[in-house]
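See structure below.
Any read-out appearing in this document is the output of simple, stated calculations on the displayed coordinates, not a laboratory observation. Predicted model only: the values in this text are computed from it and were never measured. Backbone-built Cβ (ideal geometry, glycine too); neighbour counts: all protein chains shown.
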Protein chains: 2
Amino acid sequence: MSTRSRTPDAGSAGGLAEAPAPVARVATNQLRRMRRIVDAAVELAEKGGFEAVRLRDVAERSEVALGTLYKYFRSKEDILLFALNEEIERLEASLASRAIPGDDPTARLTEFFRRATRALARRPQFARALIRSMATGDKDTAVKIAGVQLRVARMISAAMRGEVPDLGSPLDPGKIDSREHVIAFVMNNVWFSALVGWSSGLNTERGVIEHVRLAADLILGDSRS
Amino acid sequence: MSTRSRTPDAGSAGGLAEAPAPVARVATNQLRRMRRIVDAAVELAEKGGFEAVRLRDVAERSEVALGTLYKYFRSKEDILLFALNEEIERLEASLASRAIPGDDPTARLTEFFRRATRALARRPQFARALIRSMATGDKDTAVKIAGVQLRVARMISAAMRGEVPDLGSPLDPGKIDSREHVIAFVMNNVWFSALVGWSSGLNTERGVIEHVRLAADLILGDSRS
DNA sequence: GGCAAGAATGAAACATGTTCTAATTACGTC
DNA sequence: GACGTAATTAGAACATGTTTCATTCTTGCC
């Protein structure tokens, strides 16, 4: 892409209206492929959870070769983590529109977890697949998982304060210092553990919410009573 | 070895001192096999973690056919969870000998986690394998994992009280009601999450202990200061 | 239009957890 | 000591995540 490359995109008034952004088109095709892959994985996960996401099926459905699939994603978990990130983005966006209601931090926290758990439980197989994909070992995957946890913690902080999540805030793992951050961190751990229990059938949706509420009461004080 | 076999063991006074509990001997052989399997798995796990525990290798080392191995254990995780249970038994026994020292609950909790984390970090590959095997999905395995968590929570409770763990206490998952139980439950979640981070290289041993200390401070108050 | 570089493809190959099978062995009973 | 049952074995077979490879397609460029 030496001389040319200038894609005549927005405001490229210039002479030739030629090649509709060659580079951009490639990228678009690649994005399309990626999207098809993720969509196929999600569809399969919705039907049968983690195990139902057989990569050969994903490749077939997304009309992509197995090798291509592995060029885009390092592993099966990687695909599902990508979907998880999109899911979290949706959740963040929906929270950004209006803050969680509630009279005090405990109430808001509980309400936040109630909604988030609800959202997951609505597509149980899919949620199980996502949770399962967070229980991995290798470093690269772990980094992405840590990123997810930080974003969730940020949402928890916002919910606690009764504010809207600041999508531009640090996301810095080192910032586990302030009391609020510690609370968010701990609550995140509790929630996640409860979800793991739920995803394996040891816990109900109500149970998850109850566990989280108990922890919130312990840390912040009982909002009822 | 047809006729012989009767081992003249303790108290077979009666007329025929023959067959020294035939059933028992079978059981003993089976126990021996089981033990060899677990020992082989542990050895391999110590060297190379979860992935190094290749079941074909385990079978070969323990001089058992693959099919036999699967008669004793439902899965790879099942073997490692068995080892984990033994590990926890050891830890419980060592705690039972003398209580954790410390002037207040927070100090004792921190000391407990310091020791427990230390014990794990001493055999990092093995610990990683155990932690990895706790991140599974199917129900049966999950039940065993829940059992492990309850035992850990019991130790946490004991440490907090500065007592020795009561090995005969309920272990009933329903008893998440008292404040102390909730604390133990939450601390267990925090510790486990931190360990998962450690096992994937995102966290150091010090980091794990620090996370746990922060949580303990949050919930119980800072013991230093 | 033709070319070189990179991407994608189809299919095979691999690694390893798990299951299955036929043959063998161990063991308690008679 | 012979018999039948249950356990064990060796090994193949299967399922699925992952890798590899030779071939074909795309794309941007001359």
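Of note:
- Residue pairs, from the table A:139/B:71; A:47/B:71; A:71/A:144; A:144/B:47; A:144/B:76, whose Cα atoms sit over 23 Å apart: A:139/B:71; A:47/B:71; A:144/B:47; A:144/B:76
- Evaluating 6.51 cos²θ - 1.76 cosθ + 1.60 at θ = phi - 60° for every residue in region B:204-210, the Karplus couplings come out as 9, 4, 4, x, 4, 5, 5 Hz, glycine and proline recorded as x.
- Label point of residue B:179 (7 Å along Cα→beta-carbon): distances to the other copies' equivalent points are 1.7 nm, sorted ascending.
- Estimated vicinal HN-Hα couplings, Hz - region B:75-83 in sequence order (Karplus 6.51, -1.76, 1.60; Gly, Pro = x): 6, 4, 4, 4, 5, 5, 5, 4, 4
- Extension gain, residue A:210 back to residue A:65 (0.36 nm per residue minus Cα-Cα distance, nm): 47.7 nm
- 3J(HN,Hα) couplings calculated from phi for region A:122-135 with the Karplus curve 6.51 cos²θ - 1.76 cosθ + 1.60 (θ = phi - 60°) are, in sequence order, 6, 10, x, 4, 4, 4, 4, 5, 4, 5, 4, 6, 8, 9 Hz; Gly and Pro show x.
- Shown for residue A:103: label points 7 Å from Cα along the beta-carbon vector, and their distances to the equivalent points in the other copies, 4.0 nm in ascending order.
- Other-copy label distances relative to residue A:221, 7 angstrom Cα-Cβ extension, nm: 1.5
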